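Presented below is the structure to which this report refers.
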Amino acid sequence: MSYFAAHMIFLYNTFIALYSLVAKLMAAAGHSKAKLWVQGQKEFPQFTESRIPNPQSPIFWFHFASLGEYEQGRPLIEKLKAEKKDAVIVATFFSPSGYEYCKDTKLIDYKFYLPTDTLSNAKKFIEYIKPNQVFFVKYEFWYHYLHTLYENKIPVYLVSGLFRPNQIFFKWYGGLHRKMLSYFTHFFVQNNGSKKLLQSLNYNNVSVTGDTRYDRCLQIANTPYTNEIIQHFIGQSFCIIAGSTWAEDESLFSNLSCKIIIAPHDISRSESLYKQFNNSVLYSKYDNNSDKQILIIDNIGMLSNIYRFASIAYMGGAFGKGLHNIIEPLSHGKPVMFGPKTNKFPEAAEAIQYNVAHQITNANELYNIVEKYLNDEVYLKEQQKNAKAFAEGNEGAVNKIMKSLSS
């Protein structure tokens, strides 16, 4: 190993140690997510073969950063389990939001917080689970885990990968991260831009298979679902469902006269939103006598299903850190609006080009778009049809990946 490589690994290890220290300090100070993460690290799995129903079963390890990546990988897990009845699925999560949501699902056999990325942890964990194949979904590149998998000749795949020129892999100082890429057996990426970037680094083990979120979201949209509260609240009215919103998004809704359902990204803000909007009611306190304009969702888990009841949708996040999942409403056949910060989300540009999405910068632009849909039913129906067609046109990533894995 060269001096430079050893130096970069030293800096990487230092960063990992500092991250763990900061998380412990935040947990001690009462930060809820940090407390969950630290507690999860204490439960380092003592995974032995005796805990596997059939030691001869194929073991597939999926790593997810958070809930969004789990939803992205879920259809691939379902496909693997359908084709390999004895498959054992091990899932690791970095974020508490992913682990806590998925800890009771029957789809996954064993679930853990990913032990901190040290060389000793990576060796112990991989020895415990003995995976046949490993899938990292979209994001997260952990040096010691990837290197240990490579050293043990265990195939590792990136699923729904997405690369941009400003990422560290393509910077002069990104040598360690470029090395991590060399440990992957194959990259299943979302678009041609990602493929070209990897090829610029001389990685040709790349297939453009698309975004598995389309498969998952269409699966949800095409599954029957009823919700008496949502259906009663909307009735025959025109309704916007605004999902995963932040304060910057919610400030745009004041002048709208139609029905609005708001599902904040952080449900702990539901009570304050109820106080912010005068003519509103919380989902948990709704009754059939309620005659309100705004319904505020104060639970987790229903948003991906209720877009089916909307006229159009608004997706939050693009006035702040980043756009949330617009594929969900599009899969339900709902044209969608969102803010200006979408450069990291190619699906936004594709949906705008297909004319089923609208990027806005202020409340007046939002109002004008809503009025167009509200006052032109023919236009609304046509756009709903186009939104569904757009989503269906991007379906099929899972089958492409499975075909490649079996070849």
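The values are calculated or read from the model by the stated rules, or taken from the named source; none is laboratory data. In this text the structure is predicted, and so the values were computed from the model without any measurement. Glycine gets a Cβ as well: all are built from the backbone with ideal geometry, and neighbour counts include every protein chain shown.
Every test in (1) without any contact (Cβ under 8 Å) to a residue 24 or more places away in the chain; (2) surrounded by 21 or more Cβ atoms within 10 Å (Cβ to Cβ); (3) of a type outside the set (S, T, N, Q) is passed by Ile240 save one, and that test is (1). The set of residues in segment 179-191 that are farther than 19 Å from Ile168 by Cα and free of Cβ contacts under 8 Å to residues at least 60 places away in the same chain contains only Thr185. Total residues in segment 302-323 satisfying the condition of being without any contact (Cβ under 8 Å) to a residue 24 or more places away in the chain and on the phi > 0 side of the Ramachandran plot: the figure is 1. Scanning segment 176-185 for residues that are surrounded by fewer than 21 Cβ atoms within 10 Å (Cβ to Cβ) and not in a helix (DSSP H, G or I) yields a total of 3. Out of the residues in segment 372-407 that are acidic (Asp, Glu) and touching a residue at least 12 places away in the same chain (Cβ under 8 Å), state the one that is surrounded by the most Cβ atoms within 10 Å (Cβ to Cβ). Among those residues, the one meeting the criterion is Glu395.
Any residue at all in segment 54-63 that's hydroxyl-bearing (Ser, Thr, Tyr) and either at pLDDT 90 or above or in contact with a helix residue (DSSP H, G or I) (Cβ under 6 Å, 6 or more places away or on another chain) (or both)? Write out each step before concluding.
From segment 54-63, those hydroxyl-bearing (Ser, Thr, Tyr) are 57; that's our starting set.
This time we only want the ones that are either at pLDDT 90 or above or in contact with a helix residue (DSSP H, G or I) (Cβ under 6 Å, 6 or more places away or on another chain) (or both), so: none.
Checking segment 54-63: not a single residue is hydroxyl-bearing (Ser, Thr, Tyr) and either at pLDDT 90 or above or in contact with a helix residue (DSSP H, G or I) (Cβ under 6 Å, 6 or more places away or on another chain) (or both).
With respect to the numbered conditions (1) in contact with a Leu (Cβ under 6 Å, 6 or more places away or on another chain); (2) hydrophobic (A, V, I, L, M, F, W, C); (3) touching a residue at least 60 places away in the same chain (Cβ under 8 Å), which one is the sole condition not fulfilled by Phe94? In the conditions (1) in contact with a Leu (Cβ under 6 Å, 6 or more places away or on another chain); (2) hydrophobic (A, V, I, L, M, F, W, C); (3) touching a residue at least 60 places away in the same chain (Cβ under 8 Å), Phe94 misses (3) alone. Filtered by the rule that a residue be under 20 Å from the mean Cα position of the chain (by Cα) and farther than 16 Å from Gln359 by Cα, segment 299-323 gives Asn299, Ile300, Gly301, Met302, Leu303, Ser304, Asn305, Ile306, Tyr307, Arg308.
For segment 248-268: of the residues being assigned to a helix (DSSP H, G or I) and out of contact with any helix residue (DSSP H, G or I) (no Cβ under 8 Å at 6 or more places or on another chain), which is surrounded by the most Cβ atoms within 10 Å (Cβ to Cβ)? Write out each step before concluding.
Initially, segment 248-268 is screened for residues assigned to a helix (DSSP H, G or I), giving 248-250, 267-268.
Filter once more, keeping what is out of contact with any helix residue (DSSP H, G or I) (no Cβ under 8 Å at 6 or more places or on another chain): 248-249, 267-268.
Values: Glu248: 13, Asp249: 26, Ile267: 15, Ser268: 9.
The extreme case among them is Asp249.
The residue list Ile369, Ile326 contains one member that is hydrophobic (A, V, I, L, M, F, W, C), free of Cβ contacts under 8 Å to residues at least 60 places away in the same chain and buried (at least 18 other Cβ atoms within 10 Å of the Cβ), which is Ile326. When Arg216 is tested against the conditions (1) closer than 30 Å to Asn399 by Cβ; (2) touching a Lys or Arg at 6+ places or on another chain (Cβ under 7 Å); (3) in the same structural domain as Ala389 (by TED's automatic domain parsing), the lone failure is (3).
Of Phe233, Phe188, which residue is part of a helix (DSSP H, G or I) and surrounded by 19 or more Cβ atoms within 10 Å (Cβ to Cβ)?
Numbers: Phe188 fails: part of a helix (DSSP H, G or I).
Unique residue meeting the criteria: Phe233.
Going through segment 14-26 one residue at a time, which ones are in contact with a helix residue (DSSP H, G or I) (Cβ under 8 Å, 6 or more places away or on another chain) and either touching a residue at least 60 places away in the same chain (Cβ under 8 Å) or hydroxyl-bearing (Ser, Thr, Tyr) (or both)? The answer is Ser20, and nothing else. If you go through segment 208-230 and keep only what is assigned to a helix (DSSP H, G or I), touching a residue at least 12 places away in the same chain (Cβ under 8 Å) and surrounded by fewer than 20 Cβ atoms within 10 Å (Cβ to Cβ), you end up with Gln219, Ile220, Ile229.
Give segment 23-36 a look and list any residue that's closer than 20 Å to Tyr99 by Cα and either assigned to a helix (DSSP H, G or I) or modelled with pLDDT of 90 or more (or both), or say none.
Initial filter on segment 23-36 (closer than 20 Å to Tyr99 by Cα): 23-24, 26-27, 30-36.
Selection gives Ala23, Lys24, Met26, Ala27, Ser32, Lys33, Ala34, Lys35, Leu36.
Whenever a residue of segment 272-297 is free of Cβ contacts under 8 Å to residues at least 24 places away in the same chain, its partners that are acidic (Asp, Glu), lying with C-beta atoms within less than 8 angstrom and at least six residues away or across chains, give the pairs Leu273/Glu250; Leu282/Glu271; Leu282/Asp298; Ser284/Asp298.
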